[in-house]
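This report concerns only the one structure given below.
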Amino acid sequence: MFELSSSPSNTPPLPSSPSSYLCLYFSMEPKLHLFFSALCFYLVSAYGNTLRTYIVQLHPHGVTSCLFPTKFLWHLSFLDQTLSSEEDSSSRLLYSYGSAMEGFAALLTETEIELLRGLPDVVAVRPDQLLQLQTTYSYKFLGLSSTTDGAWVKSGFGRGTIIGVLDTGVWPESPSFADQGMPPVPKRWKGMCQEGQNFKATSCNRKLIGARFFIKGHHVSSVPPSENMVDEYISPRDSSGHGTHTSSTAGGVSVPMASVLGNGAGVARGMAPGAHIAVYKVCWFNGCYSSDILAAIDVAIVDGVDVLSLSLGGFPLPLFDDSIAIGSFRAVEHGISVICAAGNNGPIQSSVANIAPWIATIGASTVDRKFPAIVRMGNGEYVYGESLFPGKSLPIAEKELELVYVTGGNSGSEFCFRGSLPKEKVKGKMVVCDRGVNGRAEKGVAVKEAGGAAMILANTEINLEEDSVDAHVLPATEIGYAEAVRLKTYMDTTSHPRARIVFGGTVIGTSRAPEVAQFSARGPNLYDSTILKPDVIAPGVNIIAAWPQNLGPTGLPEDTRRVNFTVMSGTSMACPHVSGIAALIHSAHPGWTPAAIKSAIMTSADASDHRGKPIMDGSKPAAVFAVGAGHVNPNRAIDPGLIYDIKPDEYVSHLCTLGYTRSEIFTITHRNVSCSEKLKMNRGFSLNYPSISVAFKHGVKSKMITRRLTNVGNPNSVYSVQVKPPEGVKVRVKPRRLIFKHINQSLNYRIWVISRKKTQTKKISYAEGQLTWMNAHNSFHRVRSPISVTWK
């Protein structure tokens, strides 16, 4: 199953007020028209129930457009159908758009908006917002810029590279997949745009160059979907949003004025906005079947993709039982980089999935963007929370309400299951819901259905301080576990507890980041102690990216709002960040192998946060089993100086060192090998992996490891080694200096890892350090490898 943590949000209509009737009555008096028009405007504005500017987005190939001679008249027709017959619709129209987007801006009331949303060809209706020139946002957090000599400029924004995304499909009409300014489809491309339900061959373009769907495994194995699920498209079209989100994160084009209901506003861009995207729909309403995944990888290899992005997985498996590991080995043999999500089963030890050494395994981190929605309790104290509900522009959303937390019985009311909340207890109140079991946004639907006016989503001891936000369907905020304890203590010690939520919009740069996401799966590697996993971490918390235009921002059927972008969290979101960065490196260095690209990403990763302090994992510095080589840094990865390259045959030798049988190795690699002969020819073999992982079994005191570095920087480069040994370990490196006379020259070095741990000392299960090759003349080139040591 793919990892997914989604979003939520909805603006309830404001209640009508007596002033609206007053304005209506006095507007009938001609002599007082001007005076009372002004009075009407003031009174209705005061109650928040007046005309507002809305941007109405239409389908660019709308079925009703052919009925009108011009786009302007087509746009005007939507107002003609919405307003009263006496009113001149052109007086409400502010702009008619045809280039930046298809649609218009107009003055409308809440009632008119509801009518407008029900018309054919209306894709989305959004209130006008005061925007700041920030972003949605992770590419800026990673230092990508079109104005500096970094990864975007050096790679031509990923131009010419093809990213294949295996996921839930794609919504091709999303502005993130527009092809204006894109180069022609590469001549080597052999893929297709497969037609199906609501998906035509013309749905593809120069950005989205291919789309296919694979359903046979799902079809024969799955049960019918439940009634409350969104209808599935039997085509490459995305019905859940996950694939659209990940695809646009990897390679979406620039989209100005992107936001989620006004939050996180800025320019949306994928990591490789110049790359082409090919989508392979392998995931359906109940998950992703390995038969479908393998079929997609099989086709993608023939199609000619350069990068495969798989935001899916489960718990770790032996490689011979792992279809993704098996399929991806063939892809790597064909020169395709395979990037996979590490999984969302953190912080459980050894939960990291997709552990094959030829796969780049990606954990999740935070960014320094927050969406504060602070709870002000009745005693005057504050509890910090976050939310994407657009409450900042809605005074009614910040109204003080009575607090209620419904517990007792077996209905699951503390988790706010649908149907579990007695209306007489929650109507008009702010309901506290414990996180867990059912979806976060679904809890808000349950509260709203029971008549609740607002919600506080309280983390439990399982989730601690994790802050995945949602665009909820009612005023709501999520609070961490420590804050939840404070809130519930206040409620328990107060006869009539009350609270209000103060929505703070979007705040950037005030918090430490990156930090490890609590849900991000952790090492050590369950089946191979010599390979450290995950490989790196990348932004995966509260990521804003493209969204299907037939879904609300929560993805729930009950959410009638429509947006072009929404927020999601998970290693599913971290994975396409690195897929896009791999595409940038491939564009800049088209001759590099998948192992070289992966090495560049790993050895250039950051070990510290943006303040120069250790990356944190909750309240403690993050261990290598959480971050791998560190946090991805694309501007350094594009120019790593040195790389650790690996040929496919070396992976086979590595499998032999793990004790895999001939049949197991054949299952994975389709190579019939004799391990005894292979290891005899490669005595002392160790895989040339960019990280270093050693496991001492009982009685073993030292291990020798070999590595091979290839110069991809400048000729006549000199590197010296710096070692920070793990606690209880001595590390010797020979030679300590590497002199590269020309580009693509390879030099070997050896590492002796010697355990100094004595049986009398305190028990240590693992320790970590690092080894860095420093360029003597260029401080930019620092080739760092984490060292992990485990005592079994």
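Roughly what % antiparallel, to the nearest 5, for the DSSP beta bridges in the chain?
Antiparallel: roughly 65 percent of the beta bridges in the chain.
What is the extension gain from residue 234 to residue 349, computed as 0.36 nm multiplied by their sequence separation minus the C-alpha to C-alpha distance, in nm to one decimal? Provide the component values of the computation, followed by the final result.
Details: separation 115, 0.36 × 115 = 41.40 nm, distance 3.82 nm.
Stretched fully, the residue 234-residue 349 segment lengthens by 37.6 nm.
Hey, with R₀ at 22 Å, roughly what FRET efficiency would residue 647 and residue 723 work out to, going by the Cβ-Cβ distance, to 0.05?
Efficiency, rounded to the nearest 0.05: 0.20.
Grab the beta carbon distance between residue 107 and residue 180, set R0 = 30 Å, and tell me the FRET efficiency rounded to 0.05.
Computed FRET efficiency for residue 107 and residue 180: 0.50.
Give, in whole angstrom and from largest to smallest, the semi-axes √(5λ) of the equivalent ellipsoid of the stretch 52-127, with λ running over the eigenvalues of the Cα gyration tensor.
Taking √(5λ) for each Cα gyration eigenvalue gives 17, 14, 12 Å.
Past the 21 angstrom mark, what percentage of all C-alpha to C-alpha distances in the stretch 506-605 do you count?
Roughly 53 percent, rounded to a whole number.
Can you list residues whose amide H is under 5 Å from residue 696's amide H, if they're 5+ apart or on another chain and H is modeled 1.01 Å from N?
Sorted by chain and number, the residues that satisfy this are 790, 791, 792.
Kindly provide the pair-distance distribution of the stretch 669-767 built from C-alpha pairs, with 10 Å bins from 0 and whole-percent values in order of increasing distance.
12, 34, 30, 20, 4, 0
What distance in nm separates the simple spin-label points at residue 323 and residue 119, each placed 7 Å from Cα in the Cβ direction?
Placing both labels 7 Å beyond Cα along the Cβ direction yields 4.6 nm.
What lysines does residue 678 reach when the alpha-carbon gap must be under 20 Å and sequence neighbours fewer than 8 apart in one chain are set aside?
647
What accessible surface, in Å², does a 1.4 Å probe find on residue 667, ignoring ligands, DNA and RNA and rounding to the nearest 10?
Its heavy atoms expose roughly 60 Å² to the probe.
Gap in Å between the Cα centre of the stretch 352-367 and the Cα centre of the stretch 441-518?
Using only Cα atoms, the two centres lie 29 Å from each other.
Between the stretch 308-334 and the stretch 583-605, how far is it from one alpha carbon centroid to the other, in angstrom?
19 Å
With labels modelled as points extended 7 Å from the Cα through the Cβ direction, what inter-label distance (nm, one decimal) is found for residue 511 paired with residue 672?
Those two pseudo-labels are separated by 5.7 nm.
As a test of the formula, what do you get for the chain when each DSSP H run with n ≥ 4 contributes -39,500 (n - 2.57) and the sum is divided by the residue count, at 222 nm and rounded to the nearest 500 deg cm²/dmol?
Taking each H run of at least 4 residues, the total per residue is -6500 deg cm²/dmol.
Where q = 0.16, 0.18 Å⁻¹, what log10 of I(q)/I(0) comes from the Debye formula for the stretch 401-477, counting one point per Cα?
Values returned for q = 0.16, 0.18 Å⁻¹ are -0.48, -0.61.
According to the square roots a ≥ b ≥ c of the eigenvalues of the Cα gyration tensor, what is the shape class of the stretch 372-505, taking rounded for a/c under 1.5, prolate for a/b larger than b/c otherwise, and oblate for the remainder? Don't skip to the answer; put the middle values down first.
On the way: a/c = 1.17, a/b = 1.16, b/c = 1.01.
Judged from the Cα gyration tensor, the stretch 372-505 comes out rounded (a/c under 1.5).
Cross-link list 425/488; 613/757; 399/443; 697/724; 207/281; 154/598: which exceed 27 angstrom alpha carbon to alpha carbon?
Table pairs above 27 Å Cα-Cα are 613/757.
Cβ neighbours within 10 Å, averaged per peptide: list 75-83, 279-287 in order, most packed at the top.
279-287, 75-83
Could you state the principal axis extents of the C-alpha atoms in the stretch 568-623, from the largest down, to the nearest angstrom?
Principal-axis extents of the Cα atoms in the stretch 568-623, largest first: 42, 26, 18 Å.
Run the accessible area of the chain with a 1.4 Å probe and give the carbon-and-sulfur part as a rounded percent.
Roughly 55 percent, rounded to a whole number.
Compute the Rg/Rh shape ratio of the stretch 372-419: radius of gyration over Kirkwood radius, all on alpha-carbon atoms.
On the way: Rg = 13.7 Å, Rh = 13.1 Å.
My calculation of the ratio gives 1.05.
Sum up the charges of everything whose Cβ sits under 12 Å from the Cβ of residue 210, counting Lys and Arg as +1 and Asp and Glu as -1, but leave residue 210 out.
+4
Place the peptides 57-66, 630-639 in order of packing, highest mean first, counting for every residue the other Cβ atoms within 10 Å and averaging per peptide.
The densest-packed peptide leads the list: 630-639, 57-66.
Mind checking the alpha-carbon convex hull of the stretch 602-666 and giving the volume per residue in Å³?
Spelled out: Cα convex hull of the stretch 602-666, divided by residues, is 134 Å³.
Once Rh for the stretch 593-744 is found with the Kirkwood sum over Cα pairs, what is the Stokes-Einstein diffusion coefficient at 4 °C and 1.567 mPa s, in µm²/s? Each step should come with its number before you reach the end.
On the way: Rh = 18.0 Å.
D = 72 µm²/s.
Using 7 Å Cα-to-Cβ label points, what is the residue 560/residue 777 separation (nm, one decimal)?
Rounded to a tenth, the inter-label distance reads 7.0 nm.
What is the gain in length, in nm to one decimal, between residue 746 and residue 286 on full extension, counting 0.36 nm per residue of separation less the C-alpha to C-alpha distance?
Values: separation 460, 0.36 × 460 = 165.60 nm, distance 4.78 nm.
So the extension gain works out to 160.8 nm.
Rounded to the nearest 20 Debye, what is the dipole magnitude of the chain about its Cα centre when Lys and Arg each give +1 and Asp and Glu each give -1 at the C-beta? Don't skip to the end; give the middle numbers.
Working: 76 positive and 63 negative charges, 868 e Å.
Dipole about the Cα centre, nearest 20: 4160 debye.
Using only alpha carbons, build the gyration tensor for the chain and give me the equivalent ellipsoid semi-axes, biggest first, whole Å.
In descending order the semi-axes read 50, 31, 24 Å.
Within the stretch 503-537, what residues put their amide N at less than 17 Å from the label point 7 Å along the Cα-to-Cβ vector of residue 657?
Only 525-533 pass the distance filter.
The values are calculated or read from the model by the stated rules, or taken from the named source; none is laboratory data. Being a predicted model, the structure only gives us computed values, none of them experimental. So basically every Cβ, Gly included, is an ideal-geometry build from the backbone, and we count neighbours across all protein chains shown. Calculation scope for accessible area: heavy atoms of the full protein, side chains included, ligands and nucleic acids excluded. Shrake-Rupley method; radii C 1.70, N 1.55, O 1.52, S 1.80 Å.
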